[in-house]
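Working notes for the structure below.
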Amino acid sequence: MSTTVIHNLNLPAATLETALHQSPMPVAAALRHALAIADALRRDHEQGTMSGVIDPRQVLFSSRGAAILPPQNVSGPYAAPELADGRKPDARSDVFALGAVLYHLLTGRLPVSNGAAEADPVRPRQPKPIDSVLDGKGPVPVDNFPGLQRVVLQCLDRDPARRWQRMQVLYMELKLLSVAARRVDHAAANRMQDELRQELARVERSLGSRVSACDESLVELHRGSTEVRHLVQSAVDAQEALRTSLGTLEQNLAGVRDKCSRLEIGIEESTRTTAVLEEALSGQLGTLENELAAQARSIETMRTTVSQTDDLLERVVESFDSLQNVVLEQNPEGPLNSSFGS
């Protein structure tokens, strides 16, 4: 197949495989993908290229449209049933492949029924209607698109004669459905917008009361934070004062250590001087003791001498007294008495 693209479909850059993983999706989105593929296929048909099978990995979407690369084989869940019988593909085979893709985009399921395996979707007699598959759930408002199921099921008819015979016709049908889907989506968007406005008003009222409560909490929090800031500042000031005190203490300790060092040096010097003095005094004391001993002996000798002198004087006086008495007894008025009296 070719790599023909169409323009202005507002599709995200991705592969068809990625889009199928996001299914089921709203009708408008599913139709945008289907239109991109249909446009590429109809241009391939104009050039005589047909395959009857679509490989989701080989279909690339961009903001410009779709690019379809040649498929690797002619089998798979998006292959027309006549290919299994060995018939050559034609435009109606590609119609079937596109219908299978669109069915999957709308329902999130392959077009199987009667308990058939999803790996072989072309063998069941007829796919289930889209509304019965969704069972009122999902994003597809099938009640608003009565022609959508008819278009898809006609694509998936097992008899090629009952399908859309040309891709150009199917493209126009899908284009009309896409316009209607956008219109419905717009009305649904308006309703949703009104509901959102009401919900926003309710939320705003609820938030108003909460904001008031938050404002009061913020005021309390502000007061608390102010007190905390004051406490923190006080702690910082105290820490700074402590640092200053520690600095002063370290300086004082340095001075004390210096004084202690000088004192230790002085003590060592004093110890050495004392030792020298003790040694010197030890010699002088020995000499002094010897001198004192000699002086004591001299004093003792002098005392003995004085005592002897006193004894001698006393005997002299006594002798003199005895002599005088003798003299007086012999000559009481003699010259000796006169002499002593004068």
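Sub-9 Å Cβ pairs linking a first residue in region 90-109 that is within 14 Å of Pro26 (Cβ to Cβ) to a second residue that is of a type in the set (D, E, K, R) and outside any helix (DSSP H, G or I), at least 6 apart or interchain, are Thr107/Lys128, ordered by first then second residue. For region 158-176, a residue qualifies if it is of a type in the set (D, E, K, R), within 18 Å of Leu105 (Cα to Cα) and touching a residue at least 60 places away in the same chain (Cβ under 8 Å), and exactly one does: Lys175. Of all the criteria given as (1) within 20 Å of Ser23 (Cβ to Cβ); (2) at pLDDT below 80; (3) among the basic types (Lys, Arg), the one not satisfied by Lys128 is (2).
Just give me the residues in region 32-78 being in a helix (DSSP H, G or I), within 51 Å of the chain's Cα centre (by Cα) and under 24 Å from Val151 (Cα atoms), in sequence order. If you could, list the steps in order and put the result at the bottom.
Filtering region 32-78 down to residues in a helix (DSSP H, G or I) leaves 32-46, 56-58.
The next check asks that each one be within 51 Å of the chain's Cα centre (by Cα); those that pass are 32-37, 56-58.
The answer is Arg32, His33, Ala34, Leu35, Ala36, Ile37, Pro56.
Looking at region 79-100, which of the residues that are part of a helix (DSSP H, G or I) and in contact with a strand residue (DSSP E or B) (Cβ under 7 Å, 6 or more places away or on another chain) is surrounded by the fewest Cβ atoms within 10 Å (Cβ to Cβ)? In this case the residue turns out to be Leu83. Only a single criterion out of (1) in contact with a strand residue (DSSP E or B) (Cβ under 7 Å, 6 or more places away or on another chain); (2) in contact (Cβ under 8 Å) with a residue 40 or more places away in the chain; (3) crowded, with 17+ Cβ neighbours inside 10 Å is not satisfied by Gly76, namely (2).
Pairs meeting the criteria (first residue in region 32-61 and farther than 22 Å from Ala14 by Cα and in contact (Cβ under 8 Å) with a residue 60 or more places away in the chain, second residue buried (at least 19 other Cβ atoms within 10 Å of the Cβ) and of a type outside the set (Lys, Arg), beta carbons under 8 Å, at least 6 apart or on different chains) are His45/Ala91; His45/Asp94; His45/Met167. Against the conditions (1) at pLDDT 85 or above; (2) in contact with a Pro (Cβ under 9 Å, 6 or more places away or on another chain), Leu60 satisfies every one except (2).
The values are calculated or read from the model by the stated rules, or taken from the named source; none is laboratory data. Not measured: the values here are computed from a predicted model. Reconstructed Cβ throughout: ideal geometry from the backbone, glycine too, with neighbour counts over all protein chains shown.
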